[in-house]
Amino acid sequence: MSAVSAGAPAPAAAAVMVAPLPRVLLTQVRSELLMRWRLPTFSATNLLLPVVLFSFFGLPFAGRTTSRGLDLGVVLLTSFSAYAVGQVMVYGFGIGVAIERGQRIDVLMRATPLPPGVYLAAKVIVAMLFALLAVLVLFTYAGVVGGIRVPPATWVSVTARLLAGSVPLIGLGFAIGYVAGPNAAPAVVNLVYLPLAFASGLFMPPEQLPAFVQRVAPYLPTYHYAQLAWSAVGAGREPVATSLAWLAGYAALLLWAAVRAYRREAERKFG
Amino acid sequence: MSTPLVELEGVRKRYGAVEALRGVDLRIGRGEVVAMLGPNGAGKTTSISVMLGLRRPTSGRARLFGLDPGDRRARSRTGVMLQESGVPGTLTVRELIDLFRAYYPRPLPAGRAIALAGLEDKAGARVAQLSGGQRQRLYFALAICGDPEVLFLDEPTVGMDVEARQAFLVSMRELAAAERTIVLTTHYLEEADALARRIVVVDHGVVIADAPPADIKARMPSKRMRFRLSGAGAAALEGLPVTAVERTGDRVRLLSAEPETVLRELFRRGVALSDLEVAGADLEDAFLALTARASEPS
């Protein structure tokens with residue numbers, strides 16, 4: 001460093017002595033994208049699993065009409081889109097954060113000038129991009145293979161609702177990621193997310209589920225997440241405002257749990 | 001000393017029942033190359049963690065560039081190589097170095113950081129495929145890629161082979177010549193001596209010596225002697241040129257820089273000794289000598 005920068009820097013000089021945040025964020029997003037893309041645990045699971053499941057549980061019903069006169073193929077496509085976005089969030093953050101903790105990547109990152117907010121923002125942006133891609137792949141597959149045609153405006157509406165409503169699932173993912181170890185995390189996310197998805201009617205119509213599940217379902221975050229998406233194709237069973245209220249409540253609860261788990265971990269590692 | 005870049009003021013750090021630091025005061029100025037030397041568990045890593053803001057002192061204060069160590073402006077002038085920290089294995093060496101460069105306002109060119117760490121052949125390799133020694137070089141590249149004014153290196157040469165160690169030594173000299181401030185930890189006296197111009201000896205959470213390498217070495221015993229005394233009194237061992245004496249029954253353990261003189265003197269006094277053993281003193285012995293714990297009855 002030049003002798004000029006020795007001594008106490010003036011406030012104006014201090015301001016330019018950090019890297020510009022947009023550049024940091026952009027580079028962080030690019031790296032996170034590469035990391036996720038190169039890990040089949042994330043990329044293959046996030047993009048292909050919804051397609052596989054939809055082939056079994058969705059495609060056979062393409063062309064049928066529901067009791068309310070809706071295209072069942074479109075309704076199920078919406079259900080599996082909700083499943084896909086939720087999976088990107090819960091698995092991505094749940095397993096991703098647990099792995100980073102296990103490999104102590106968080107320790108080195110914490111010692112760099114990278115602001116934690118930028119680190120977090122990059123993760124959320126990349127998850128959103130993956131979710132968008134997952135929905136795109138699913139809709140394309142449904143259109144090409146199943147002949148399920150959806151107007152672009154509907155696609156945009158469903159996708160926007162799913163991304164905006166995913167905050168509680170991001171919270172759930174983070175909470176699991178900070179509590180579970182790297183080996184336990186994959187099991188925990190499956191044990192938590194799959195029953196939630198099933199009970200909320202993402203894999204089969206809610207009416208076909210056991211009675212006790214139907215009684216519990218309206219209290220689950222994924223149930224209202226599904227309702228939010230279904231209402232975009234006329235299949236919702238509750239007003240959008242009700243879905244949003246439930247999701248906001250769950251977002252607050254799960255983000256609080258995530259922050260608590262994070263603080264406990266930070267106190268142990270960096271206190 | 002000019003304005004200290006790194007400052008610890010009466011720092012204590014307690015982990016549950018264990019007090020890792022028991023009042024450490026340290027000021028490190030621009031351009032200093034300081035080695036923190038001590039056995040495992042002495043408090044070296046904790047000291048560095050507090051300097052970096054990775055650990056909060058239980059009491060006392062840490063400053064980095066006169067700022068809170070966690071301040072982004074301080075971190076932007078700091079490079080770090082930590083023990084037991086990881087990096088994402090799916091990125092290539094160059095991608096990871098480029099990522100870290102983006103965190104700093106005026107980073108080194110990527111090629112320069114890669115060359116300084118001796119990773120030219122591995123720039124395109126995924127991090128997960130690196131050997132332990134190569135990984136250590138990568139951590140060094142990540143520490144210097146932001147062209148930091150202060151470099152913290154916690155046990156930098158662990159896992160390096162002889163060749164890597166030599167290359168590391170050369171890079172360190174270049175950095176020191178460029179007026180960079182370097183704080184490193186090691187438990188090898190030779191390494192501290194080769195790299196640093198100031199050695200801070202830490203043991204049991206306190207600084208027990210802080211001096212140039214030559215002074216520290218002069219205070220370190222070079223040899224450890226063991227023997228049995230038959231029938232001699234305590235007076236037989238008085239006034240010898242030793243740094244520590246330990247006597248258990250007829251067994252005697254001495255630390256001395258001049259074992260020949262000690263033996264000559266013992267024979268002159270007519271002391272009968274048996275089972276004589278003379279060996280090079282290790283760091284444990286050196287700490288015994290420096291803390292003079294050995295001379296206290298145990």
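Taking the stated definitions as given, is residue B:123 open to solvent by 10 Å² or more (accessible area, probe 1.4 Å), in contact (Cβ under 8 Å) with a residue 12 or more places away in the chain, more than 14 Å from chain A (Cβ to nearest Cβ) and of a type in the set (A, V, I, L, M)?
For residue B:123, the condition - open to solvent by 10 Å² or more (accessible area, probe 1.4 Å), in contact (Cβ under 8 Å) with a residue 12 or more places away in the chain, more than 14 Å from chain A (Cβ to nearest Cβ) and of a type in the set (A, V, I, L, M) - is met.
Determine if the stretch B:24-31 includes at least one residue that is in contact with a Pro (Cβ under 6 Å, 6 or more places away or on another chain), modelled with pLDDT of 95 or more and open to solvent by 60 Å² or more (accessible area, probe 1.4 Å).
yes
Could you look through the stretch B:193-205, keep only residues that are in contact with a Lys or Arg (Cβ under 8 Å, 6 or more places away or on another chain) and within 16 Å of residue B:48 (Cβ to Cβ), and pick out the one that is surrounded by the most Cβ atoms within 10 Å (Cβ to Cβ)?
B:202
How many residues does the stretch B:222-265 hold that are in a helix (DSSP H, G or I) and surrounded by 13 or more Cβ atoms within 10 Å (Cβ to Cβ)?
Looking only at that region, the number is 7.
Where the second residue is of a type in the set (Asp, Glu) and the first is in contact (Cβ under 8 Å) with a residue 24 or more places away in the chain and lies in the stretch B:250-267, which pairs have Cβ atoms under 8 Å and are six or more apart or on separate chains?
So the pair list comes out as B:252/B:246; B:253/B:246; B:254/B:246; B:255/B:285.
Among (1) surrounded by 16 or more Cβ atoms within 10 Å (Cβ to Cβ); (2) facing chain A (nearest Cβ under 9 Å); (3) under 25 Å from residue B:188 (Cα atoms), where does residue B:84 come up short?
Unmet condition: (1).
Filter the stretch A:26-75 down to residues that are at the interface with chain B (Cβ under 9 Å from one of its Cβ atoms) and aliphatic (A, V, I, L, M), then give me how many there are.
4
Please find, among B:62, B:42, the residue that is modelled with pLDDT of 95 or more, open to solvent by less than 20 Å² (accessible area, probe 1.4 Å) and more than 9 Å from chain A (Cβ to nearest Cβ).
None of the other options fit; the residue is B:62.
For the stretch B:68-78, which residues satisfy the criterion of being within 9 Å of chain A (Cβ to nearest Cβ) and touching a helix residue (DSSP H, G or I) at 6+ places or on another chain (Cβ under 8 Å)?
The answer is B:73, B:75, B:78.
Please count how many residues of the stretch A:151-181 are outside any helix (DSSP H, G or I) and open to solvent by 60 Å² or more (accessible area, probe 1.4 Å).
Adding up the residues that qualify gives 1.
I'd like to know if the stretch B:73-80 contains one or more residues that are of a type outside the set (A, V, I, L, M) and touching a Lys or Arg at 6+ places or on another chain (Cβ under 8 Å).
For the stretch B:73-80, residues of a type outside the set (A, V, I, L, M) and touching a Lys or Arg at 6+ places or on another chain (Cβ under 8 Å): absent.
Taking residue B:18 as the residue in question, decide whether it is over 21 Å from residue B:186 (Cα atoms) and within 14 Å of another protein chain (Cβ to nearest Cβ).
yes
Could we say that residue A:81 is touching a helix residue (DSSP H, G or I) at 6+ places or on another chain (Cβ under 9 Å) and modelled with pLDDT under 90 here?
Answer is no for this residue.
Where residues in the stretch B:92-111 are within 20 Å of residue B:128 (Cβ to Cβ) and either open to solvent by 40 Å² or more (accessible area, probe 1.4 Å) or at pLDDT below 95 (or both), which of them is farthest from the other protein chains (Cβ to nearest Cβ)?
Among those residues, the one meeting the criterion is B:94.
Just one of (1) out of contact with any strand residue (DSSP E or B) (no Cβ under 9 Å at 6 or more places or on another chain); (2) at the interface with chain B (Cβ under 10 Å from one of its Cβ atoms); (3) surrounded by fewer than 19 Cβ atoms within 10 Å (Cβ to Cβ) trips up residue A:110, so point out which.
Unmet for residue A:110, out of (1) out of contact with any strand residue (DSSP E or B) (no Cβ under 9 Å at 6 or more places or on another chain); (2) at the interface with chain B (Cβ under 10 Å from one of its Cβ atoms); (3) surrounded by fewer than 19 Cβ atoms within 10 Å (Cβ to Cβ): (3).
Any idea how many residues of the stretch B:157-169 are acidic (Asp, Glu) and outside any helix (DSSP H, G or I)?
1
Please pick out the residue among B:190, B:179 that is open to solvent by 40 Å² or more (accessible area, probe 1.4 Å), of a type outside the set (Gly, Ala, Ser) and within 14 Å of another protein chain (Cβ to nearest Cβ).
Step by step, each of B:190, B:179 is checked, and only B:179 is open to solvent by 40 Å² or more (accessible area, probe 1.4 Å), of a type outside the set (Gly, Ala, Ser) and within 14 Å of another protein chain (Cβ to nearest Cβ).
If you go through the stretch A:123-150 one residue at a time, how many are without any contact (Cβ under 8 Å) to a residue 60 or more places away in the chain and not in a helix (DSSP H, G or I)?
The number of residues fulfilling the criteria is 1.
Regarding residue A:190, is this residue more than 20 Å from the chain's Cα centre (by Cα) and either of a type in the set (Gly, Ala, Ser) or surrounded by fewer than 22 Cβ atoms within 10 Å (Cβ to Cβ) (or both)?
no
The values are calculated or read from the model by the stated rules, or taken from the named source; none is laboratory data. No experiment lies behind these values; they were computed from the predicted model shown. Every residue, glycine among them, receives a Cβ derived from its backbone with ideal geometry; neighbour counts consider all protein chains shown. SASA here: full protein model, heavy atoms, side chains in, ligands and nucleic acids out. Shrake-Rupley method; radii C 1.70, N 1.55, O 1.52, S 1.80 Å.
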